[in-house]
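Here's the structure, in structure tokens; my notes come after.
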Amino acid sequence: MTTEVVLNQISKKYGKQEVLTDISLKLKPNTIYGLLGRNGAGKSTLLNILTNRIPATSGKVLIDGQPNLNNDDALGKIYLMSEPNLYLTRAKVFQIFRETANFYTGFDFELAHQLTNKFGLNESLRFGKLSTGYRSILKDIIALCVDADIILLDEPTLGLDANHRELFYQELVETYADRPRTFVISTHLIEEIAGMVENVLLIKDGRLALDDTTESLLARSYSVTGPEEKVREYTAGLNVIGHDSLGKLRSDYVFGKLDENRVLPDTVSVEKIDLQKLFINLTEQSDEEGQK
Ligand SMILES: Nc1ncnc2c1ncn2[C@@H]1O[C@H](COP(=O)(O)OP(=O)(O)OP(=O)(O)O)[C@@H](O)[C@H]1O
């Protein structure tokens, strides 16, 4: 089963502040997305609009061709795990599972029990008694157990210790293999998801700056390192998105094609960069501009 999700020219204003501008995209089935952007870029806003928790100022979200507005059928195909706590403090963990299963009817109770054991979460505890980390763990477990085609995770590892973060992503990949579906993961800990993200969505200045496969992005992302002058000569006219300097050594980060006709000096090396480095360089510019 697959669900088609289309965002059509979504914009969102809070008062005069335009947070999202004209965002159009289509989520591919059975794909793990990384939703990236600096603090305040509008990632949570976008995820909330997708699930009709907040209204867009203009534009449409279509789920299997149907607008998502007050449409339980359409919204039952999507699950959003996010920071706000939607549960009564007196509700016990197992009651929250049952409550979730009233809406998401295919909820996998067996997997939920396995995961509560693995994470050491007592199902008889009341929500109000859970630590911040365990509240996230509970919500993460629910996200992995609902039978929805689209799972949106807004900072899923907030408050989790390193062991639990690793366990969560392991379990995510396992459930993904057993029951392929689309995940959209918004997190600042890019290194943790870099290995599993198949497609990147980057929001910058309220716009969708990138929507591409990780493979394609990394295939055109380079660092060029060597003596400052030689590096500058080699990268002149290329799409340099940032640089680092260490003494007289300089690294220019290039996003896009290199010029195959240019001769690489012996003292200069070209290497691939990882997703985190690419993200930092692609988004740093707007921050500097924002401080002007
Ligand atoms: N209810 C609201 N009223 C007014 N402004 C809001 C509201 N919610 C969010 N904003 C503003 O919208 C912008 C985007 O916020 P959002 O939470 O979507 O960003 P984000 O990319 O998820 O950020 P972070 O990575 O820091 O969680 C921010 O400038 C924020 O202050």
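The values are calculated or read from the model by the stated rules, or taken from the named source; none is laboratory data. Bear in mind the structure is a predicted one, so any value in this text is a computation, not a measurement. Neighbour counts run over all protein chains shown; Cβ positions are idealised from the backbone, glycine included.
Quick notes on this structure:
- Meets criteria (over 18 Å from residue 141 (Cβ atoms) and in contact with a helix residue (DSSP H, G or I) (Cβ under 6 Å, 6 or more places away or on another chain)) for residue 63: yes
- Breaking point among (1) farther than 24 Å from residue 114 by Cβ; (2) within 17 Å of the chain's Cα centre (by Cα), for residue 183: (1)
- Restricting 205, 154, 149, 178 to those that are assigned by TED's automatic domain parsing to the domain that holds residue 45 and under 12 Å from the mean Cα position of the chain (by Cα) reduces the list to 154.
- Cβ pairs under 7 Å, 6+ apart, first in region 37-51 and in the same structural domain as residue 153 (by TED's automatic domain parsing) and touching a residue at least 60 places away in the same chain (Cβ under 8 Å), second part of a helix (DSSP H, G or I) and more than 7 Å from the ligand (Cβ to nearest atom): 38/283; 38/287; 51/75
- Residues that are away from the ligand (no atom under 16 Å from the Cβ) and at pLDDT below 95, drawn from region 198-213: none
- Flag if residue 19 is near the ligand (Cβ under 8 Å from one of its atoms) and at pLDDT 95 or above: yes
- Which numbered condition residue 13 misses (of (1) part of a strand (DSSP E or B); (2) under 19 Å from the mean Cα position of the chain (by Cα)): (2)
- Residue among 236, 209 that alone is of a type in the set (Gly, Ala, Ser) and free of Cβ contacts under 8 Å to residues at least 60 places away in the same chain: 236
- In region 5-16, the residues that are surrounded by 16 or more Cβ atoms within 10 Å (Cβ to Cβ) and away from the ligand (no atom under 13 Å from the Cβ): 5, 7, 8
- Selection within region 59-101 - within 16 Å of the ligand (Cβ to nearest atom) and either at pLDDT 90 or above or among the hydrophobic types (A, V, I, L, M, F, W, C) (or both): 59, 61, 80, 81
- Subset tally (residues that are under 27 Å from residue 45 (Cβ atoms) and more than 16 Å from the ligand (Cβ to nearest atom)) for region 114-159: 19
- Residues that are part of a loop (DSSP other than H, G, I, E, B) and more than 9 Å from the ligand (Cβ to nearest atom) were ranked within region 30-58; the one that is surrounded by the most Cβ atoms within 10 Å (Cβ to Cβ) is 56.
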